[in-house]
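Readers should treat all values here as calculations from the given coordinates under stated rules, not as data from a laboratory. Being a predicted model, the structure only gives us computed values, none of them experimental. Methodologically, a virtual Cβ is constructed for each residue, glycine included, from the backbone with ideal geometry; neighbour enumeration extends over all protein chains shown.
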Amino acid sequence: MDGIHGWHAHVYYDPATTRSTAEQLRAQIGARFNVVLGRWHDVKVGPHPQAMYQIAFGNDVFSELVAFLALNRSGLTILVHPETGDEVADHQDHSIWMGDVLELNISVLRKSP
């Protein structure tokens, strides 16, 4: 995994209908894995088209955590992407989607000259 410094998973939810499902998943992840659980964002933030929270994790837990997410996402959409230093490519070209593929606003990741 040369060039991958870590990973992010973005767990998407609807604050009105699926936040409790996202909370349950988050609690399970926090209890089982050595990860950094990011803040709750009940509104769009950055390139993300709906409410979400981020999970930051290392290469050492990738296979176990991603397998856990695949089997325990309870219908939630999850984006997993590497951290290589190229945010556009990481989100757009190197991403793994579980559930619906959402349209990201990649323009906010592009750096102005």
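Rounded, prolate or oblate: pick one for the stretch 1-52, where a ≥ b ≥ c are the square roots of the eigenvalues of its C-alpha gyration tensor, a/c under 1.5 means rounded, and failing that, prolate if a/b is larger than b/c, else oblate.
Because a/c hits 1.5 or more and a/b fails to exceed b/c, the stretch 1-52 counts as oblate.
How long is the gain from Arg19 to Asn105 if the chain were fully straight, where each residue apart is worth 0.36 nm and the alpha carbon distance is subtracted?
Contour length minus the Cα-Cα distance gives 28.7 nm.
For each of Ile4, Ile55, Ile29, Ile106, count neighbouring Cβ atoms within 10 Å of the residue's Cβ, then give the residues from fewest to most.
Neighbour counts put them in this order, fewest first: Ile106, Ile4, Ile29, Ile55.
Ratio of the chain's C-alpha Rg to 2.2 N^0.38 Å, to two decimals?
Here the Cα radius of gyration is 1.02 times the empirical estimate.
Can you compute the label reach from Trp97? Point 7 Å from Cα along the Cβ direction, backbone N cut-off under 18 Å, restricted to the stretch 13-44.
13-14
Among Met52, Met98, which comes first, then next, by fewest other beta-carbon atoms within 10 Å?
Lowest to highest Cβ neighbour count: Met98, Met52.
Order of Leu102, Leu79 from fewest to most other C-beta atoms within 10 Å?
Arranged by neighbour count, lowest to highest, Leu102, Leu79 become Leu102, Leu79.
From Cα pairs below 8 angstrom and at least 6 apart in sequence, can you work out the relative contact order of the stretch 6-101, rounded to a whole percent?
This gives 36 percent for the stretch 6-101.
Can you give the Rg and Dmax of the stretch 41-80 based on its C-alpha atoms, in angstrom?
11.6, 31
Need the C-alpha centroid separation for the stretch 38-113 versus the stretch 1-21, integer Å.
Cα centroid of the stretch 38-113 versus Cα centroid of the stretch 1-21: 5 Å apart.
Starting from the amide H of His48, placed 1.01 Å from N in the peptide plane, find each other amide H under 5 Å away whose residue is 5 or more places distant or on another chain.
Amide H neighbours of His48, under 5 Å, 5+ apart: Asn105.
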